[in-house]
Amino acid sequence: MTSHPRHPHRPRFTVGFDLDLTLVDSAPGIRAAYESLAASTGTHIDVDLVCSRLGPPLEQELAHWFPADRVAAAADTYRAVYPTLAIGASPAMPGAREALAAVRELGGRSVVVTAKYERNARLHLDHLGLAPDALVGDLWAEGKATALRAHGAVVYVGDHTGDVRGARTAGALSVAVATGPCDEEELRAAGADVLLADLTAFPGWLRGYRGEPAVPDTAPEIAADSEARA
């Protein structure tokens, strides 16, 4: 498939995406990194509990397990082992590649805005061959609005209520996918404008949002997604 936009004369638009549990299933890698941190520091960490509430910044989670004066050092230790333990263990979420491709196909730009340490976020994207037009790390919830505004994002896609708050603060349409720790009821209550089960539904939704016709039979892999939603 060509990477050139199908509609070059239309104004460009930007779609923002969260990373963890939106584009990347990083839970297995995060689990491995936390288990390593607990072992190396001799600190009890309920890793199941940690993985049940992924989304907020690392330091916020570490504050539940370490005294305040040890959080920064624990974060450094975690980030040091993360590339070795977490990147290879974390697959792309279903529909992630197709979602980014749909934005590009319709003449748009994509920006990943995540609370994750930006260097490790880049490693995930590169490892999986996911290629957004821009990446901004180390931003959470309402703080994501800074990057979304700077890139002119009209839509922000995420799995957490913090992502919904970031989109609304930026004045972007909040598209929530129920693939993370927050269920549809929580996402709706937070103010999500659109709720999708997962990213496999996103290309069809985006085409409708942009006023595009249905996908022709020449793109069977995307047409299959559309048929599944019928």
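The values are calculated or read from the model by the stated rules, or taken from the named source; none is laboratory data. The shown structure was predicted, so the numbers you read here are calculated from the model rather than taken from an experiment. Neighbour counts run over all protein chains shown; Cβ positions are idealised from the backbone, glycine included. Areas reflect the complete protein model, heavy atoms only, side chains present, ligands, DNA and RNA absent. Shrake-Rupley method; radii C 1.70, N 1.55, O 1.52, S 1.80 Å.
Things to note:
- Cβ-Cβ contacts under 9 Å between residues 6 or more apart (or on different chains), taken from a first residue in the stretch 114-131 that is farther than 19 Å from Asp159 by Cα to a second residue that is open to solvent by 70 Å² or more (accessible area, probe 1.4 Å), are listed as Leu128/Arg97; Gly129/Arg97; Ala131/Arg104.
- Single residue of Ser174, Ser110 found to be without any contact (Cβ under 8 Å) to a residue 24 or more places away in the chain and open to solvent by less than 10 Å² (accessible area, probe 1.4 Å): Ser174
- Qualifying residue in the stretch 136-147 (condition: among the polar types (S, T, N, Q) and open to solvent by less than 10 Å² (accessible area, probe 1.4 Å)): no
- Applying the criterion of being in a helix (DSSP H, G or I) and among the small types (Gly, Ala, Ser) to the residues of the stretch 77-107, the residue that is surrounded by the most Cβ atoms within 10 Å (Cβ to Cβ) is Ala99.
- Within the stretch 31-60, the residues that satisfy the criterion of being surrounded by 14 or more Cβ atoms within 10 Å (Cβ to Cβ), outside any loop (DSSP other than H, G, I, E, B) and in contact with a Ser or Thr (Cβ under 8 Å, 6 or more places away or on another chain) are Leu37, Thr41.
- Ala74 vs. criteria touching a Gly at 6+ places or on another chain (Cβ under 9 Å), open to solvent by less than 10 Å² (accessible area, probe 1.4 Å), among the hydrophobic types (A, V, I, L, M, F, W, C) and assigned to a helix (DSSP H, G or I): no
- Qualifying residue in the stretch 6-23 (condition: of a type in the set (Asp, Glu), farther than 26 Å from Gly152 by Cα and either at pLDDT below 95 or open to solvent by 10 Å² or more (accessible area, probe 1.4 Å) (or both)): no
- Residue within the stretch 186-201 that is part of a helix (DSSP H, G or I), modelled with pLDDT of 95 or more, open to solvent by less than 70 Å² (accessible area, probe 1.4 Å) and within 23 Å of Ala86 (Cβ to Cβ) present: yes
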